[in-house]
Amino acid sequence: QVQLAESGGGLVQAGGSLRLSCVASGGTFSSYAAGWFRQAPGKERELVGGISWSGGILYGVESVKGRFTLARDNAKDTVYLQMTSLKPEDTAVYYCATSRNFGGLEARRIDSWGRGTQVTVSS
């Protein structure tokens with residue numbers, strides 16, 4: 001089973017940017033779809049977006065379109081979430097996850113979860 005480790009979270013002012021990274025180990029990462037989820041206090045975990053093994057992208061949250069971008073480097077077993085024009089409502093713990101395909105991400109059929117990284121956006 002793939003192990004996932006996120007990094008890159010932190011405190012940023014509204015309008016700022018952050019890039020999250022998720023490094024995979026212990027499996028064939030390139031064969032999985034990878035996704036970024038987030039969970040704000042008191043709210044359910046939601047799918048921010050996913051990226052297929054070939055680079056196709058799915059967005060799960062309408063409000064991040066045009067501001068967030070996903071990318072992956074299969075040679076480095078790493079997936080990225082570039083976040084720009086951050087808003088206070090983007091504050092959450094961000095989790096990396098893998099699944100067999102986009103449908104699996106959307107249905108929460110998750111093979112591996114990372115431990116999460118905190119993103120806090122101040123107004």
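For the chain, with only Lys/Arg (+1) and Asp/Glu (-1) charged at the beta-carbon, what is the dipole magnitude about the Cα centre, in debye rounded to 20? Walk me through the numbers on the way to the answer.
Details: 13 positive and 10 negative charges, 2 e Å.
The calculation lands at about 0 debye.
Rounded to the nearest whole Å³, what is the per residue volume of the convex hull around the Cα atoms of segment 53-102? Don't skip to the answer; put the middle values down first.
On the way: hull volume 4.7 nm³, N = 50.
Roughly 94 Å³ of hull volume per residue.
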*By average Cβ neighbour count within 10 Å, what is the ranking of 37-43, 95-101 from highest down?*
95-101, 37-43
*For segment 1-121, count the residues as N, evaluate 2.2 N^0.38 Å, and divide the Cα radius of gyration by that value, please.*
0.96
*Considering amide H positions built from the backbone, and no H for Pro or chain starts, which residues 5 or more places from residue 116, or on another chain, come under 5 Å of its amide H?*
6, 96
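Work out the length of the dipole vector of segment 1-67 about its Cα centre, built from +1 on the beta-carbon of each Lys and Arg and -1 on the beta-carbon of each Asp and Glu, and round it to the nearest 20 debye. Present the calculation step by step, with values, prior to reporting the outcome.
Details: 6 positive and 4 negative charges, 26 e Å.
Roughly 120 debye for segment 1-67.
Suppose every K and R has +1 on its Cβ and every D and E has -1 on its Cβ; what is the size of the dipole of segment 52-123 about the Cα centre, in Debye to the nearest 20? Could the numbers behind the result be given before it?
Details: 9 positive and 7 negative charges, 15 e Å.
Here segment 52-123 has a charge dipole of around 80 debye.
Within the set of other residues whose C-beta is less than 15 Å from the C-beta of residue 123, count the net charge using Lys and Arg as +1 and Asp and Glu as -1. Let's see the in-between values first.
Details: positive: 87; negative: 89, 90.
So the environment of residue 123 carries a net charge of -1.
What whole-number value in Å² describes the accessible area per residue of segment 1-71 for a 1.4 Å probe?
Details: 3530 Å² over 71 residues.
I get 50 Å² per residue for this part.
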*In segment 1-99, which GluC sites (Glu not before Pro) fall in coil by DSSP and have 15 or fewer other Cβ atoms within 10 Å?*
44
_I want the antiparallel fraction of DSSP beta bridges within the chain, as a percent rounded to 5._
90
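The values are calculated or read from the model by the stated rules, or taken from the named source; none is laboratory data. This structure is a prediction, so every number in the text was calculated from the model and none was measured. Backbone-built Cβ (ideal geometry, glycine too); neighbour counts: all protein chains shown. When the accessible area is computed, the model is the full protein with side chains, heavy atoms only, and any ligands, DNA or RNA have been set aside. Shrake-Rupley method; radii C 1.70, N 1.55, O 1.52, S 1.80 Å.
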